[in-house]
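Here's the structure we're looking at; comments come further down.
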Amino acid sequence: MFHDSLIKKSGQMWKIYTMFLGILVITVSLIFWLTYKQLNLFEAYFLLISLFLGSLCMLFGIFYIRCPYCGIHLPQYFIKNESYNLWLSTLLNCSKCPICKK
Ligand SMILES: [Zn+2]
């Protein structure tokens, strides 16, 4: 899976996994929040901390995945230039940087 990906070749897959972990934590936290609407103080703090850490992980992936040659932020480029449902698959499958073509 993603054998020819620029991100995998440049050793940045751990950043993708961190981003997915953040999305998973946010999703589970929101499901928890919607399921148990009356939270005690500990649960509310746990929920807020989970949402904060999940957001940090997701933003880390978006802001720190870069082209190893020219330094462009690849997720931001694909979010701007691809449709909303294709940017992630395009990011994971791109074999060359769209700017420097390396
Ligand atoms: Zn580049």
Kyte-Doolittle at least 0.5, axis length at least 30 Å by Cα - qualifying DSSP helices, the chain: 13-35, 41-64
Per the chain, cysteines lacking a partner by the 4.7 Å Cβ criterion: Cys57, Cys94
Leading residue at positive end of dipole, the chain (Cβ point charges), from Asn40, Cys100, Leu86: Cys100
Mean Cα-pair separation over length for the range 6-93, i.e. relative contact order, pairs under 8 Å, 6 or more apart, %: 33
Student exercise, the chain dipole from Lys, Arg, Asp, Glu Cβ charges, in Debye to nearest 20: 440
Among Thr90, Thr27, Thr35, residue whose mean-square fluctuation peaks in a GNM of the chain (springs only between Cα atoms under 10 Å): Thr35
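Output the direction-averaged projected area (hull surface divided by four) of the convex hull of the alpha-carbon atoms of the chain, in nm². Before the final figure, lay out the partial values.
Numbers: hull surface 28.8 nm².
Its Cα hull, projected and averaged over all orientations, spans 7.2 nm².
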Distance in nm between pseudo-label sites at Phe46 and Ser10 (7 Å out along the Cβ direction from Cα): 3.9
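Computed from the coordinates by the stated procedures, all read-outs in this text should not be read as laboratory data. Remember, it's a predicted structure, so these values are computed and weren't measured experimentally. Methodologically, a virtual Cβ is constructed for each residue, glycine included, from the backbone with ideal geometry; neighbour enumeration extends over all protein chains shown.
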